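Notes follow the structure.
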Amino acid sequence: MNYRCLDDLRSFLSGKYPDAKPGSDWEIVADICPAEMNGDITVNCFRFAKIFRKNPDQIATESAEFLSSHPDVEKAEKIKAFVNVTLKGEAVHRDTVAKINEILGSPILPEGKRQKVLIEFSAPNTNKPQHLGHVRNNTIGMSLASLMKRVGHDVVRINLVNDRGIHICKSMIAYQRFGEGATPESSGRKGDHLVGDFYVRFDQELRKQLAELREKNGELKDKTDEELFLQTEIGRSAQDMLQKWEAGDPEVKSLWLKMNSWVFAGFAKTYERMGIEFEHTYLESQTYLLGKDLVEEGVKKGTFFKREDGAVLIDLEDVKLGKKVLLRADGTSVYMTQDLGTTLLKYRDNVPDIQIWVVGDEQIHHFKTLFAILKKMGYKWAENLHHLAYGMVNLPTGKMKSREGTVVDADDLFDEMVALAKAATMERVGEGKVPEDIDRRSEIIGLGAIKFNLLKFNPKTTIMFDPQASIKFEGDTGPYVQYACARINSIERKAKEAGLVIGDDINWKLASSHEEKELSVRISQYRDVLRQSAEKMDSSTLCEYLLELAKAFNRFYREHSVLNADNDELKRTRLALCCRTRDVVADGLKSLTIDVPAAM
RNA sequence: GUUUCGGUAGCUCAGCUGGAUAGAGCAACGGAUUUCUAAUCCGUGGGUCGCAGGUUCAAGUCCUGCCCGAAACGCCA
């Protein structure tokens, strides 16, 4: 929020109390005046009275006096240590909507604070299609990248695909046995779903064999599934296949390439629909051996140590993380070793200032350890690594579990929401008036609903996804925000038809109603919200703001007509206010990778 | 056991560096449309902010302890 009277108040107070030396970065930040207080903005003097070592009440009195005589101010009223300010019509708009290009145009951060940011997200496994959990990850990652870019950072988006390992072999084994040569083409099934079917099929067979095993051997009854895995025929087969893969067996590699290509084709469609793109995609099959050389180096330097059996460990007791194995006694590497390797690879390829991982909160400990190790290894950039740990998505019925078939499939969810959006649109346009862009519109609304529904929560909270509630497009939703834009688009179209042109000579003084002023005041907060949202890496701050702005518009819409206003000058002023409001809302949604339909 | 994250209205969640009488959406109930899109707007009811101490002029917010929930603490990824 940036108003001239606030800047002047700041100068006035600084001049009056020169001994306080508040520093140059100090500013007076006002809030929206609470509805019942009767004002436009509120200055909370508690916040900065400390700087002057004065009684907040005294500062408030002086501030109210100063503001009362300020040319921009209609009224300034002191209540306790708050000063509620009513701005004059032209002043309230002058520093916000009237200068919309300054709000929408430039990056938010000053040049010195812009950095090169590497964001890794998605990181799917190529053995099954993506589900709601992935959708949250994709949405958070993509919108974070977009938001960081919006505020001025140079962003590199990275996907690290988990395309090898025992879980991939499971699908392959099941396909060999039960696949009957099916392909996405022959079965008409999307590639990732087809492969996922065989992953499930493997599990069914494994359960059957586990049950048989336990029945035959009573003493195995108390063993876990994991412990018995290699005692089942199918489990052993999967393990054998993994070893063959690692040995480069041509037959296994060929099947692996074929099935993975199906999955990649499927993922590409899912990503495209979500509007997700990456600058680089790394494949684990090409990076999983990285990190081993670091281990040797670390032992030589004394950062790591060799245990009697030959395994290599690092001691992290001093940072309360215990000891961590980095190389097994048999010389094979572990997850951490790989991650050390890929982190280094990503750094060398991109040389970022900051690296961010969008990964579930169950891996908080892993990343703490990873960062601690890199610091011990002496990399200065290790100070700038962040794990954006997001919470799980639960259903009203409990946790999502692939095995129990309780996952919400990403593609199904998209289809369902888009179909609902389409049905809702059809219902409101009436019979025989199907818009030609209905499919594109429905896609924007349906996907917007899903994304907004995931982004309006703080990433770290474990959220409850209620399918019943999520199919509604009313209230705190993406479509609500989009709807405000659609209404404005409609006004703009009709204004054009009526030959109403905004022009350059807008008389902002005319937009003096409470609703019109509120729009301006809210818009003046936009840049601060963007900055804060990016800084906290929390999309919910921006979502909350966009809801408030859309709400303020809807209130205005209810109270004041644009096209039926008393005179053309007022029509033009209101039209300009509306269009600029929409531009801000659309910019905010775009920063979250949500589109706006032309009409709804 | 240790660590981390949660606990705010019937439900789902906001509440930034402590500041006015704790907010929103949904659900419930009652209103609003000769007017630019009702995917809208307005109103009513609904709260010991997990509990107990402490710091402060001021605590949902900071500190300590405890209770409850989730996750992590692998030579799985």
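The values are calculated or read from the model by the stated rules, or taken from the named source; none is laboratory data. The shown structure was predicted, so the numbers you read here are calculated from the model rather than taken from an experiment. All Cβ positions, glycine included, derive from the backbone under ideal geometry; neighbour counts span all protein chains shown. We work out accessible area using only protein heavy atoms, side chains counted, and drop any ligands, DNA or RNA first. Shrake-Rupley method; radii C 1.70, N 1.55, O 1.52, S 1.80 Å.
Structural remarks
- Along its first, second and third principal axes, ordered by size, segment A:79-122 spans 48, 30, 26 Å in Cα coordinates.
- The alpha-carbon of A:Lys323 sits under 29 angstrom from the alpha-carbons of these lysines, leaving out residues fewer than 8 places away in its chain: A:Lys223, A:Lys292, A:Lys300, A:Lys301, A:Lys306, A:Lys346, A:Lys368, A:Lys375, A:Lys376, A:Lys380, A:Lys460.
- Accessible surface for A:Ser237 stands near 30 Å², nearest 10, in the context of the full protein assembly shown (1.4 Å probe).
- Pairwise label distance in nanometres, A:Leu289 with A:Arg555, each label 7 Å out on the Cα-Cβ vector: 6.5
- Chain A, helix-only ellipticity at 222 nm - DSSP H runs n ≥ 4, -39,500 (n - 2.57), divided by all residues, nearest 500: -17000 deg cm²/dmol
- Cα-projected label distance for A:Ile79 with A:Ser186, points at 7 Å along beta-carbon direction, nm: 7.5
- Taking 0.890 mPa s as the viscosity and 25 °C as the temperature, the Stokes-Einstein diffusion coefficient of segment A:159-208 based on its alpha-carbon Kirkwood radius rounds to 216 µm²/s.
- Taking segment A:310-345 and a reference point 7 angstrom along Cα→Cβ of A:Lys375, the backbone N atoms nearer than 15 Å belong to A:315-322.
- Rounded tilt (10° steps) of A:166-178 against the dominant C-alpha axis of chain A: 60
- Segment A:276-333, accessible surface, carbon-and-sulfur percent (1.4 angstrom probe): 49
- In this simple spin-label model, placing a label point 7 Å from the Cα along the Cα-to-Cβ direction at both A:Met37 and A:Arg403 gives a separation of 5.6 nm.
- Cβ-based net charge around A:Ala534, under 12 Å, with every Lys or Arg adding one and every Asp or Glu removing one: +4
- Computed from Cα positions, the angle between helix A:335-350 and the longest principal axis of chain A comes to roughly 50 degrees.
- With all protein chains modelled, accessible area of A:Ile491 [1.4 Å, Å²]: 20
- Within segment A:406-445, GluC sites (Glu not before Pro) in DSSP loop having at most 15 other beta-carbon neighbours inside 10 Å: A:Glu431, A:Glu436
- By average C-beta atoms within 10 angstrom, highest first, the peptides A:366-376, A:148-158, A:265-275: A:148-158, A:366-376, A:265-275
- Here A:Cys579 sits with roughly 10 square angstrom of accessible surface, probe radius 1.4 Å.
- Computed on chain A, with alpha-carbon pairs under 8 angstrom and 6+ residues apart, the relative contact order is 16 percent.
- Taken over chain A, the alpha-carbon convex hull comes to 211 cubic angstrom per residue.
- Note: relative contact order over segment A:112-202, using C-alpha pairs below 8 Å and six or more positions apart, is 37 percent.
- Residue-normalised accessible area of chain A, given per residue in Å² at a 1.4 Å probe: 48
- Stokes-Einstein diffusion coefficient of segment A:457-532, Kirkwood radius over Cα pairs, 20 °C, 1.002 mPa s, in µm²/s: 131
- P(r) weight above 25 Å for segment A:182-333, C-alpha pairs, percent: 57
- The residues packed around A:Lys509, meaning those with a beta-carbon under 9 Å from its beta-carbon, carry a net charge of 0 if Lys and Arg are +1 and Asp and Glu are -1.
- Reach of A:Lys221 by Cα under 25 Å, taken over lysines that are not fewer than 8 positions away in the same chain: A:Lys170, A:Lys208, A:Lys401
- The calculated FRET efficiency for the pair A:Val434 and A:Asp315, based on their C-beta separation and a Förster distance of 60 Å, comes to about 0.30.
- Protection proxy ranking, peptides A:569-575, A:516-522, average beta carbon neighbours within 10 Å, highest first: A:516-522, A:569-575
- Probe 1.4 Å, all protein chains present, accessible-area order of A:Phe46, A:Phe12, largest first: A:Phe46, A:Phe12
- The packing ranking of peptides A:162-174, A:203-215, highest mean first, is A:162-174, A:203-215, where packing means the average number of other beta carbon atoms within 10 angstrom of each residue.
- Segment A:69-142: relative contact order in percent, alpha carbon pairs under 8 Å with at least 6 residues between: 18
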